[in-house]
Every structure is written in structure tokens, then in C-alpha cells.
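Please read the structure below before turning to the comments.
The values are calculated or read from the model by the stated rules, or taken from the named source; none is laboratory data. The structure presented is a predicted model; accordingly, all values stated were derived computationally and were not measured. Cβ atoms come from the backbone with ideal geometry, glycine included; neighbour counts cover every protein chain shown. The area values use the complete protein model at the heavy-atom level, side chains included, leaving out ligands, DNA and RNA. Shrake-Rupley method; radii C 1.70, N 1.55, O 1.52, S 1.80 Å.
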Amino acid sequence: MTDTLSLARSRHIALKSIRAARPAGTTCAGQLLDAAYQAARLMARHSPVALEFEKRSLKEIEYLNFRDGYTYEQGLFGDVSAYRDAKEVVNAALEKRSPNCSGD
């Protein structure tokens, strides 16, 4: 389940992600690409299922008020918890190990 984001929206999301994940001391434009790769590596460690739900959540709640956005996200949380990856993440945390997510 993938969709195409508009160029402007993709750029906005990427810049927002870079700013959030920017390493301490990164101030010049020349370091932004490295910061973007670092953010991508951090995101790639997570379950593809969780990332898809997060993408859906961000897309849907952008223009909702707080209460409606919160309700929508709680519904998604219930949906994502049915996937094997969700169970794997919980088990990995309890066993103090890194999760092995398969996308199921």
C-alpha cells in the first residue's frame, strides 16, 4: 500500500524529519544530507507495517482538531496491534533484544 506524495509535501515532510533528527551541532547546509541519511537509517530499523500506519496517520490527522486526531490515532493503534510485528516488538522489549520485524 503505497501512494505518491506531491513534491512539495514530500519536501516539507523530509525537511521536518531532518530538523527533528538533526545531530547536535549540525548547522550548515552541507551536513543536511548526512542528517537525512541518519534519519532514514533510524526509520528503516522499524517495522514496515508500523511505518505504513504512521504515514497513514500523518496524512489523515494533518487538518483534524486535536480530539478527532487523537481518536483516529487510537483506532490505528488498535489496528496495528493485530500484526505479528507488533507482537515481535513487545516480545523483543521484554527480552531486552532488538526486534526482528518482517512486515507481517
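Exactly one condition in (1) touching a residue at least 12 places away in the same chain (Cβ under 8 Å); (2) over 13 Å from C101 (Cβ atoms); (3) out of contact with any Asp or Glu (no Cβ under 6 Å at 6 or more places or on another chain) is not met by V80; state its number.
So V80 meets the others, but not (2).
Take the conditions open to solvent by 70 Å² or more (accessible area, probe 1.4 Å) and either free of Cβ contacts under 8 Å to residues at least 12 places away in the same chain or aromatic (F, W, Y) (or both) and apply them to D34. Does it pass?
In short, yes.
Please enumerate the residues belonging to segment 37-47 that are within 17 Å of Y83 (Cβ to Cβ) and either surrounded by 14 or more Cβ atoms within 10 Å (Cβ to Cβ) or of a type in the set (V, I, T) (or both).
H46, S47
Consider F53 carefully, then state whether it is open to solvent by 80 Å² or more (accessible area, probe 1.4 Å) and either among the small types (G, A, S) or within 14 Å of the chain's Cα centre (by Cα) (or both). Walk me through it before giving the result.
Numbers: open to solvent by 80 Å² or more (accessible area, probe 1.4 Å): no; either among the small types (G, A, S) or within 14 Å of the chain's Cα centre (by Cα) (or both): yes.
No; evaluated as a whole, the condition is false for this residue.
For R97, which of the numbered conditions (1) more than 18 Å from the chain's Cα centre (by Cα); (2) among the basic types (K, R); (3) at pLDDT below 70 fails to hold?
Unmet for R97, out of (1) more than 18 Å from the chain's Cα centre (by Cα); (2) among the basic types (K, R); (3) at pLDDT below 70: (3).
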